[in-house]
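Q: The structure's right below; bear with me while I get my questions together.
The values are calculated or read from the model by the stated rules, or taken from the named source; none is laboratory data. Keep in mind that what you see is a predicted model, and the values were worked out from it rather than measured. Using ideal geometry, Cβ is built from the backbone for each residue, glycine included, and neighbour counts are taken over all protein chains shown. These accessible areas exclude ligands, DNA and RNA; they are computed on the full protein's heavy atoms, side chains included. Shrake-Rupley method; radii C 1.70, N 1.55, O 1.52, S 1.80 Å.
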Amino acid sequence: MVVLEEIYRAKLREFEDKLHEMIDEHTIYVTDLVSCSHKRVLRRAYPLLAFRFEPQIILGDMVHAGVEKLVVESSPSWRAEVHVERVYEVDGTAYRVLGRVDLVQYDGAKPIRVVEVKTARTLPSKAPYEHHVMQLKVYLELMGVDEGYLVYITPERITEFRVERGGIDVEELVRQTVYDVARPRFNWECRYCSFKRICPYARPEEGRGEAEG
């Protein structure tokens, strides 16, 4: 094992670098806002259970890296892996909402377009998925941008969906996450959750959602 070990070590270093942030009481990821609120509770208590080294995750990472490289090299107006951060206050306590946008297009210093890349085995019949749209809308609010795109990449299809800013209350999502009231936010989440075997709110499998991307 040569290349596999290198990939594993790289992913492990990436996980370890974020560990302190992952368990911080006052840090909330954008993905936390659009998923089960109790998952964040369990991640803070049992962070090592969040580490996953699986082919579909590695493949998704590689597709993201490749798409980002192609787009950024095609035009200087694009930037990849753009860090976003904003502080929200809930009943007198400040929380940092953190995210990393796949691609952002700029007009000078002003962001004008936000893109999130999603990978899947097949193009979802209900694409774009609600949680993907929510995630992109949160980014649009955090960056003050009016237009975004969800790009789905599968072995058979590459397609994009335009998403407009609005219709989402980020402050309310932060409150729901802090007070752990969305458990789960979607019925299908438990099926893919790393913490389902220890979660008191885990539900029997119902339907199928999109876990990739």
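Q: Of Arg13, Arg100, Arg43, which residue is of a type in the set (D, E, K, R) and assigned to a strand (DSSP E or B)?
A: Arg100
Q: Mind checking which pairs have a first residue in region 176-202 that is more than 17 Å from Ile28 (Cβ to Cβ) and free of Cβ contacts under 8 Å to residues at least 60 places away in the same chain and a second that is of a type in the set (Asp, Glu) and surrounded by fewer than 14 Cβ atoms within 10 Å (Cβ to Cβ), Cβ under 6 Å, 6 or more apart or different chains?
A: Going by the 6 Å Cβ cut-off, the qualifying pairs are Asn187/Glu206; Arg191/Glu205.
Q: Taking the condition of being open to solvent by 30 Å² or more (accessible area, probe 1.4 Å), under 15 Å from Arg121 (Cα atoms) and in contact with a helix residue (DSSP H, G or I) (Cβ under 9 Å, 6 or more places away or on another chain), how many residues in region 37-61 meet it?
A: Going through region 37-61 one residue at a time, the tally reaches 2.
Q: Could you tell me whether region 115-131 includes any residue that is over 30 Å from Leu48 (Cβ atoms), outside any strand (DSSP E or B), open to solvent by 30 Å² or more (accessible area, probe 1.4 Å) and in contact with a helix residue (DSSP H, G or I) (Cβ under 9 Å, 6 or more places away or on another chain)?
A: Yes, some residue in region 115-131 is over 30 Å from Leu48 (Cβ atoms), outside any strand (DSSP E or B), open to solvent by 30 Å² or more (accessible area, probe 1.4 Å) and in contact with a helix residue (DSSP H, G or I) (Cβ under 9 Å, 6 or more places away or on another chain).
Q: Look through Leu173, Leu142 and report the one residue that is within 24 Å of Ala109 (Cβ to Cβ), part of a helix (DSSP H, G or I) and either in contact (Cβ under 8 Å) with a residue 12 or more places away in the chain or open to solvent by 20 Å² or more (accessible area, probe 1.4 Å) (or both).
A: Leu142
Q: Can you confirm whether region 62-76 contains a residue that is open to solvent by 50 Å² or more (accessible area, probe 1.4 Å), out of contact with any Cys (no Cβ under 9 Å at 6 or more places or on another chain), over 28 Å from Ile153 (Cβ atoms) and free of Cβ contacts under 8 Å to residues at least 40 places away in the same chain?
A: no
Q: Report, by residue number, each residue of region 145-157 that is modelled with pLDDT of 95 or more and surrounded by fewer than 17 Cβ atoms within 10 Å (Cβ to Cβ).
A: If the condition is that a residue be modelled with pLDDT of 95 or more and surrounded by fewer than 17 Cβ atoms within 10 Å (Cβ to Cβ), then Asp146, Glu147 are the ones that fit.
Q: Can you confirm whether Ala202 is open to solvent by 40 Å² or more (accessible area, probe 1.4 Å) and either farther than 17 Å from Val133 by Cα or not in a loop (DSSP other than H, G, I, E, B) (or both)?
A: Against the criterion (open to solvent by 40 Å² or more (accessible area, probe 1.4 Å) and either farther than 17 Å from Val133 by Cα or not in a loop (DSSP other than H, G, I, E, B) (or both)), Ala202 qualifies.
Q: If you go through region 148-164 one residue at a time, do you hit one that is part of a loop (DSSP other than H, G, I, E, B) and without any contact (Cβ under 8 Å) to a residue 12 or more places away in the chain?
A: no
Q: When you scan region 87-104, how many residues do you find that are closer than 17 Å to Thr31 by Cβ and surrounded by fewer than 16 Cβ atoms within 10 Å (Cβ to Cβ)?
A: Number of matching residues: 2.
Q: Here is a follow-up. Take the residues in region 104-126 that are in contact with a Phe, Trp or Tyr (Cβ under 6 Å, 6 or more places away or on another chain) and among the hydrophobic types (A, V, I, L, M, F, W, C); name whichever of them is modelled with the lowest pLDDT.
A: In this case the residue turns out to be Leu123.
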